[in-house]
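Encoded as structure tokens, the structure appears first; notes follow it.
What follows is calculated from the coordinates using simple rules that are stated; it is not laboratory data. Here the structure is a predicted model, which means the values were calculated and not measured. Don't worry about glycine lacking a Cβ; one is built from the backbone with ideal geometry, like all the others, and counts go over all protein chains shown.
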Amino acid sequence: METINRRPWGYYQILSDASDHKVKRIVVEPRGSLSLQRHKQRSEHWYAVSGEGVATIDGKTFSLRGGTAVDIPQGATHRLENLSNVDLVIIEVQTGAYFGEDDIERLEDKYGRA
């Protein structure tokens, strides 16, 4: 596995990083929440491996649990939340023109990063 990148909500690991995609394993700890954000240069696909959570995409909520997935179009506002007492594990596939962390525009963040 790649390096663990710690965040206030949990951590992620980069599984694949190529010119046409990036794949991350994201672990959101119980009650953790990614910032409400959007990306100008990429879209994302979230596949839930285990745990339970909620994805909010352009104001609509979608339940996530092992075996379910959602698509986040480029430019859509989105957030991932773990409302359970066990880790939420997601595989994120990014496609688009650019995959850098500086393409994150944070709109709201409960950890004060927005």
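Out of all Cα-Cα pairs in the chain, roughly what percent, to the nearest whole number, are more than 19 Å apart? Mind showing how you got there, number by number?
On the way: 2614 of 6441 pairs.
Tail of the P(r) past 19 Å holds 41 percent of the pairs.
Since only ILE90, ALA114, ILE4 are under comparison, the one whose Cα sits farthest along the positive direction of the charge dipole of the chain, derived from C-beta charges on Lys, Arg, Asp and Glu, is ALA114.
Name the residue from SER33, GLY53, SER43 whose Cα lies farthest towards the positive end of the charge dipole of the range 4-99, charges +1 on Cβ of Lys and Arg and -1 on Cβ of Asp and Glu. So the residue furthest toward the plus end is SER33.
To the nearest 20 Debye, how big is the dipole of the range 4-99 about its Cα centre, given +1 on the beta carbon of each Lys and Arg and -1 on that of each Asp and Glu? Please report the intermediate quantities before stating the final value.
Values: 12 positive and 10 negative charges, 45 e Å.
Magnitude of the dipole: close to 220 debye.
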